[in-house]
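What follows is one structure encoded as structure tokens, with my remarks underneath.
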Amino acid sequence: MAMIRATVARALVLTAAFVTILTPVTCLGEDRNPLPAGAPKPLPAKATKEVSPELLSLFRQKKMSKYSPILLRVFKEEAELEVWKQDTTGRFQLLKTFPICRWSGDLGPKVHEGDRQAPEGFYTITPELMNPNSNYYLAINTGFPNSFDKANTRNGSLLMIHGDCSSSGCYAMTDAQIGEIYSLARDSLLGRPSFQVQAYPFRLTPANLARRRTHPQLAFWKMLKIGNDHFEATHLEPRVDVCDRHYVFDAQPPPNSPLPLVFNPTGSCPAFVVNPKIARRALEKQRADEVEYAQLLKDDVPAAQIYSGLDGGMNEVFLARFPGRIMLAKVMPYASYPPQLQPIPWVDNDGSLTPKLFGTSFRSIWASW
């Protein structure tokens, strides 16, 4: 049994190394071969397609305008992308949840080019970040690095939400999914400059944070949680600023201050207060979460492994459709941690379960050992 497990591990390592050679280190959602300057590409039909009748029906049910603002929320561990849309009250409602087909790297923010990490944080999407001519069907550039990332010397490029279910630092959807998301984003940008993307490692619940309490990114995630709580408590898009290399949410000048707020991402934060209407609701949520978190720590709930040892993940609804796409981690430190797998039967009726778990590409590797 130990020999069989070792053989499978060796096969995984070889395949991961082979894929590393063939896989680009950036997410190529953009077309790297644009037309000459002054010769814009005509918009393809996929980029001008109207939203579906099903979505139009949802708009009516939820009292939303076709062109009202949207907001995207991405959760890595759950592999879900939520589209929220503003209704006639001015608040955002959840419109639709899309399972993410593929994301790469591990939990935690993107730090440098080539680390295969998908971004985490708050990003502003402007019309020029929409790519109707993507090599990956359609693409929405996250705008990474934002001012927070730059202030913390993080770098990288071409980090997208796109189609084709293939990721090297992106959030990859199916082509049909990105078609829907792109049309919603396109329509929301008519008459307004941008929309917001909130990218999280997981749903920032007390239970999830307690499981991840030993992770080196815990302080960063708790900072993201402040913006998350502002949104969840009010269903209003949080205003995001950066100072002293930290995110600041819904800041406004102190009472009777004659000067507007000016934020320097690497400089000291100016005197500010949080919008009282938002602060009150968010504080109620934060206090309740802190009580639950403290109880979980008191109960000594098990801490999760810091790194999975795998290169990202996908929503479980795609596992059978796209077998073999979740591989061993390709970069350090994630590659130094073996994955924790559920107990499985190693042999079935045809003599090997490996192709079913890891894809048919493993059949030849398995046979060679």
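Laid out as a table, the results:
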quantity	calculated
Val248 vs. criteria hydrophobic (A, V, I, L, M, F, W, C), outside any loop (DSSP other than H, G, I, E, B), closer than 26 Å to Ala118 by Cβ and touching a Pro at 6+ places or on another chain (Cβ under 7 Å)	no
Residue list for region 121-136, filter: part of a loop (DSSP other than H, G, I, E, B) and buried (at least 24 other Cβ atoms within 10 Å of the Cβ)	Ser134, Tyr136
Filter pass, Arg192 being of a type outside the set (Val, Ile, Thr) and touching a helix residue (DSSP H, G or I) at 6+ places or on another chain (Cβ under 9 Å)	no
Every residue from region 63-97 that is touching a strand residue (DSSP E or B) at 6+ places or on another chain (Cβ under 6 Å), within 17 Å of Asp187 (Cα to Cα) and assigned to a loop (DSSP other than H, G, I, E, B)	Lys63, Ser68, Pro69
Complete set of residues in region 267-323 that are under 27 Å from the mean Cα position of the chain (by Cα), loosely packed, with under 11 Cβ neighbours inside 10 Å and assigned by TED's automatic domain parsing to the domain that holds Arg239	Arg287, Pro302
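Okay, residues lined up against (1) in a loop (DSSP other than H, G, I, E, B); (2) among the basic types (Lys, Arg); (3) modelled with pLDDT of 95 or more:
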| position | (1), (2), (3) |
| --- | --- |
| Leu224 | no, no, yes |
| Pro238 | yes, no, yes |
| Val291 | no, no, yes |
| Gln305 | yes, no, no |
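The values are calculated or read from the model by the stated rules, or taken from the named source; none is laboratory data. Small disclaimer: the values here were computed from a predicted structure and weren't measured. Glycine gets a Cβ as well: all are built from the backbone with ideal geometry, and neighbour counts include every protein chain shown.
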